[in-house]
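**Q** Here you go, one structure.
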Amino acid sequence: MLGLTMMIIGLLVAVIPIFWIFTKDKTNSKFTPSKKSVKYFTALSIMLLASSGVLMLMNMKQSNEIKATSIRQQQEKKKENNDPNISDSKAQIKKINDEIASSLKDDQNHLTGKSDVDPGYKFSDKVESIKYLGNKKIIVQVNKEFLSLDNAQKKSVIDSAQECGVGGIMIAAGPISNDNLKKGLYSIVKFGKTDVGHSTKSNFKEYKWSNNINM
């Protein structure tokens, strides 16, 4: 805008002298230009036009940089929101759930017939299934044994169920960002058709538990 303004001023400075830089020659009643005035206004016009051109180029460059930054930020935001890169189509969700079910089954198999069990697998004896719904949400179906746990133990089980879900997503859909790894998956916990608890919206690894569960 400043460059355009200076260009207009420069053009005016160049045109105005045509009307008034001529002084009347008293001997022949003709208008003759004042050389000093012509040089002055010509130099001033050139300076203003050159300055306006430079400013316009700078403004164009700045505008392009702002647009590029805005596009880059939008792309990064989109990437963050869509991370992992999941279409949430039925086929994609099925693929993810197949991987999650396979992983959970493997964890449960590690518990069979073993007295010395890796604690990392222990959660799976309280979980019947983990289902990915899309949009970074899962339903965790738990068994009756889960209901007898205290809140800290329940949290440990569902945190591990989230990790199992994230693992299935990574196998089916590819790597996800560290931020989303830390954030986890919004978890809905059910015992049959009964809601047992769910993640808070502000922190997917903090949970609200229902105290009115009929066992």
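Every number here is computed from the coordinates shown, using simple stated rules; none is lab data. Treat the numbers as computed from the prediction; the structure is a model and nothing was measured. Cβ: placed from backbone, ideal geometry, glycine included. Neighbour counts: every protein chain shown.
**Q** Could you check the spin-label model distance between Glu128 and Asp159? Points 7 Å from the Cα along Cα→Cβ, value in nm.
**A** According to this spin-label approximation, the distance is 2.6 nm.
**Q** I've got another one for you. Taking a cut-off of 19 Å, what percent of all Cα-Cα pairs in the stretch 90-209 are separated by more than that?
**A** Details: 3098 of 7140 pairs.
Tail of the P(r) past 19 Å holds 43 percent of the pairs.
**Q** In addition: Expected output is a single nm value to one decimal: the length gained when fully extending between Asp118 and Met47, i.e. 0.36 nm times separation in residues minus the C-alpha distance. What is it? Spell out each step's value before the answer.
**A** Values: separation 71, 0.36 × 71 = 25.56 nm, distance 7.96 nm.
Fully extending the segment from Asp118 to Met47 adds 17.6 nm.
**Q** Quick one: of Lys94/Lys190; Lys67/Lys90; Lys67/Lys95; Lys137/Lys193; Lys61/Lys182; Lys122/Lys193, which pairs are farther than 29 Å apart, Cα to Cα?
**A** Beyond 29 Å between Cα atoms: Lys67/Lys90; Lys67/Lys95; Lys61/Lys182.
**Q** So how long is each side of the stretch 144-215 along the principal axes, counting just the alpha-carbon atoms, biggest first, in Å?
**A** 40, 23, 19
**Q** Taking the Cα centre of the stretch 96-193 as the origin, how large is its charge dipole in debye, to the nearest 20, when only Lys and Arg (+1) and Asp and Glu (-1) carry charge on their Cβ atoms? Kindly include the intermediate steps, with their values, before the conclusion.
**A** Numbers: 14 positive and 13 negative charges, 96 e Å.
For this selection, approximately 460 debye.
**Q** What distance in nm separates the simple spin-label points at Lys205 and Asn64, each placed 7 Å from Cα in the Cβ direction?
**A** Distance between the two pseudo-spin positions: 4.5 nm.
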